[in-house]
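Inspection log for the structure reproduced underneath, given as structure tokens.
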Amino acid sequence: MINNEGVANIFNEIADILELKGENRFQINAFRKAARTIDGLLEDISVVAGDGRLKELPGIGEGIAKKIIELLEGGKLKHHEELKNSIPSGLLEMIKIQGLGPKKVYKLHEALGIEDIEALKAAAEDKKLRGLSGFGAKTEENILKGISQYRRNIERVPLGIAMLYAESIVANLKDIESVSEITYAGSLRRMRETIGDIDILVSSLDPGDVIDFFTGLKCVTDVLARGDTKSSVIMNDLQVDLRVVKPDSFGAALQYFTGSKEHNVRLRDLAIRKGLKINEYGVYRGDKKIAGDSEDGIYRSVGLGYISPEMREDRGEIEAAINEDLPKLIELGDIRGDLHIHTDYSDGKRSIKEMVRAAKSRGYEYIVISDHSPAVAIASGPSREDLKKQMKVIKNLNKDSDGFRIFASTEVDIKPDSSLDFDDEILSELDIVVAAVHSKFSMDEDDMTDRILSAIENPNVDIIAHPTGRLLGKRDPYKVDMKRIIGAAKRTNTVLELNASPRRLDLNDMHCKQASESGVKIAISTDSHDIYQMAFMKYGIGTARRAWLKKEDVVNTKPLKSLMKFFEIE
DNA sequence: GCCGTTTTCGGCCCGACTGTTTTCAGTCG
């Protein structure tokens, strides 16, 4: 059975082919919009179709609804098959090359019979492109550059890495005299889990000065574009776009360059209906500028409350704003403790005392010491006896802790046979039990789901850590039926973790939203193995805000007393 | 192909940069 992603991919491919053939661009947008709707859907598209609700979805009307049903029934779409057969498949790959779009690719195919990237490369090297109108020597050079870049496969980088680069660029440009405001924007500001390129926005009355400094930075390896107010460069194998605007447009530009594109299209559409026009300089009624210096003002001008960057994905936030129903999102300052911490009892780098001190300096009221159980051999976690000793040490530390509380715990391994790595007797003595999968990730979906469910069903287990096991860019999530996990977690009052480590961010934003909408409580934990990693909490908060989580949805916003009540700790 | 507190027809976001052109098309975000 085809899933949501499969249907979305087919509609996107239809849009690509129609674009190559130069068909009506609004029809093309309609397919893309439908694809986006389906891709972002929390429900299974087959369920929506079964209920006859397809046409209630935004961007899905009579024609596309029929196509979805055809796909669900037969796994194929006649319209799609016909389109695919009408062009060489290599053209679809060619449009992915930077600087090449559908028009140029189709022209290359029509005029020179070029059908794939290999042929394109050969033709460009033989200087055969420059004869075509619209193509010159520079175009050939750029195409070859684009091909080698495409082949190097510049991938999206994890949020945590991109954030470090962005913060250092911001720090560098801040000192330029004409710069009055500077920040990063784009998907980084929306705290997406991976980042394709870094967007930096600056307000200055002397754009040339800023652009000069930016393109001259030592770490810049290639300048892709350099205009009067805008420039793109490559540094650290990552594209960085800089835009400079005047201060009275900073809010409008920040709104615009934060995106997402889908969110902005919706916002501009709304503005048009109200007789307004939004661009990156401001909001205009006729020639009169009515907003621009602040982001808040942009939203107010179209009658909406302020929508936080993390929500701007066209996943219902515009509707929520129209209905004055925007959630008050959780903030970093709401966090009162960390519920997943490692120490030198297993593979952590620091002692319990050191981790406690770091937690206190962050203003926390409690932490959970959850070292690995022995089955995770590489972490050389405490044996049953050593865990008992650790519990005693914690008990003593708690005696003179001026109100701060250390909770004894374990990150007990859920073994491939579904059993836990510690017996129920010792688990029941711990304050909190965190359980997680660390091995045999390749199980099929039913077995893996059953494996995790059996941990959820154990009354001693309080929290399931990193529930899908993914490592961003390194290891795919294991296959698991999240609906069953969420259902069981709700029924047993088991907490699901949002692991804040930027290499995990697991649960992801969509699963988190799903879980919390089903009434499951979330723990945002850093899984720290060293002091500095406790700062990862901000990435967890970012993901939580993308999931529309409120303070009440997250257990570690509770003050000490009510947290103890929640976990039934003496 | 979708959609409607102007509309069931006629709209559909907007502007910068590049490279090719002699005023603009294509691409990108």
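Quick note: the coordinates plus some simple rules give every number you see, no bench work behind them. Quick caveat, the model's predicted, so the values are computed rather than measured. Glycine gets a Cβ as well: all are built from the backbone with ideal geometry, and neighbour counts include every protein chain shown.
Structure above, values below:
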item	result
Kirkwood hydrodynamic radius of region A:262-397, Cα pairs, Å	19.3
Anisotropy class of region A:190-270 from Cα gyration tensor, a/c 1.5 cut	oblate
Using alpha-carbon coordinates, inclination of helix A:482-492 to the longest axis of chain A, degrees	30
Within region A:307-437, percent of DSSP bridges classed antiparallel, to nearest 5	5
Prolate/oblate/rounded call for region A:375-478, Cα gyration tensor, a/c under 1.5 rounded	prolate
Counting DSSP beta bridges with both ends in chain A, the antiparallel % (nearest 5)	45
Gyration tensor over alpha-carbon atoms, region A:332-566, equivalent ellipsoid semi-axes in Å	24, 21, 16
Prolate/oblate/rounded label for region A:132-186 (Cα gyration tensor, a/c 1.5)	oblate
Largest-first principal axis extents of the Cα set of chain A (Å)	80, 63, 51
Percent RCO, i.e. relative contact order, over chain A, from Cα pairs under 8 Å lying at least 6 residues apart	9
Most to least packed among A:19-28, A:409-418, A:65-74 [average Cβ atoms within 10 Å]	A:409-418, A:65-74, A:19-28
Peptide ranges A:186-196, A:294-304 listed from the most packed, as the mean C-beta count within 10 angstrom indicates	A:186-196, A:294-304
Helix A:4-20 vs. chain A, principal-axis angle (Cα, 0 to 90°, nearest 10)	20
